[in-house]
């Protein structure tokens, strides 16, 4: 029996959340094509062949433009020094960018932590392109303890990744029960489900400007439980977009979120969504702390 904590890092939108969901065969991290989708460190737990792999999906490391971005990057960087191994993920279809090099610089700060490079999206590359990518990695990023090529979307190469991680796991220990696939509180997962639906149905600045908070839960012994949830945006114009004409978009968001939440809870619920304006909330530390984000000092 072996177990270990594995930080999955990379710049925004390289496929970290998709991979971890595939690993644990459950939805623990929301996924969208918008950069900055993941805002917290999220654990996905895989028990396989008597080993326990605890993958930590980190926010995309980037140069922050506001307090929320600062929290996201700091929380990702902090975990690098606390894990057994770091998995640095690249999008194999794109050239290594200054953003990738920025992430690598943060990774190298954890000097003693083993590092595995993961080249993702190989389903879109031919043999020649993959060979060129290996050369580019060597020239721009240097050496790693192991290099694995996979497709997170199609689960190609996952056994190779687990084999590469095995030497860095700790012997004779297990941190979580076998039936546990995440340590995220259920209410946090519910707010993330609502945020995911908004990400899928809006565009431009809206996805980055949305925060979700459960403000009331009414348990009913003889009926459906009721959840009241606030959706916060930063401007009145954004509020109008999220609500949609005659409330149509908000209704779509609520219907899709309710179905996912009912599947998660295994019961029917009432879901009430309210859209409220909180000016520049991403820059306001007291409000961010109310939402559960933490800051050093």
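Screening 220, 203, 195 for residues that are assigned to a loop (DSSP other than H, G, I, E, B) and either touching a residue at least 12 places away in the same chain (Cβ under 8 Å) or closer than 23 Å to residue 269 by Cβ (or both) leaves exactly one candidate, 220. Among all residues of segment 59-76, there is none that is under 20 Å from residue 168 (Cβ atoms), over 15 Å from the mean Cα position of the chain (by Cα) and assigned to a helix (DSSP H, G or I). Would you be able to say whether some residue in segment 43-57 is assigned by TED's automatic domain parsing to the domain that holds residue 123, part of a loop (DSSP other than H, G, I, E, B), surrounded by fewer than 17 Cβ atoms within 10 Å (Cβ to Cβ) and at pLDDT below 85? No.
Remark: pairs (first residue in segment 171-191, surrounded by 13 or more Cβ atoms within 10 Å (Cβ to Cβ); second residue assigned to a helix (DSSP H, G or I) and modelled with pLDDT under 90; Cβ separation under 6 Å; 6+ apart in sequence or on different chains) = 181/24.
Restricting segment 146-170 to residues that are in contact with a helix residue (DSSP H, G or I) (Cβ under 6 Å, 6 or more places away or on another chain) and in a strand (DSSP E or B) leaves a set whose member that is surrounded by the fewest Cβ atoms within 10 Å (Cβ to Cβ) is 146.
Taken together, 143, 123 contain a single residue that is part of a loop (DSSP other than H, G, I, E, B), surrounded by fewer than 18 Cβ atoms within 10 Å (Cβ to Cβ) and out of contact with any helix residue (DSSP H, G or I) (no Cβ under 8 Å at 6 or more places or on another chain), which is 143. Are any of the residues in segment 233-240 closer than 22 Å to residue 70 by Cβ and surrounded by fewer than 19 Cβ atoms within 10 Å (Cβ to Cβ)? The answer is yes; a qualifying residue exists.
The values are calculated or read from the model by the stated rules, or taken from the named source; none is laboratory data. Owing to the predicted nature of the structure, the values given are computational and were not obtained by experimental measurement. Using ideal geometry, Cβ is built from the backbone for each residue, glycine included, and neighbour counts are taken over all protein chains shown.
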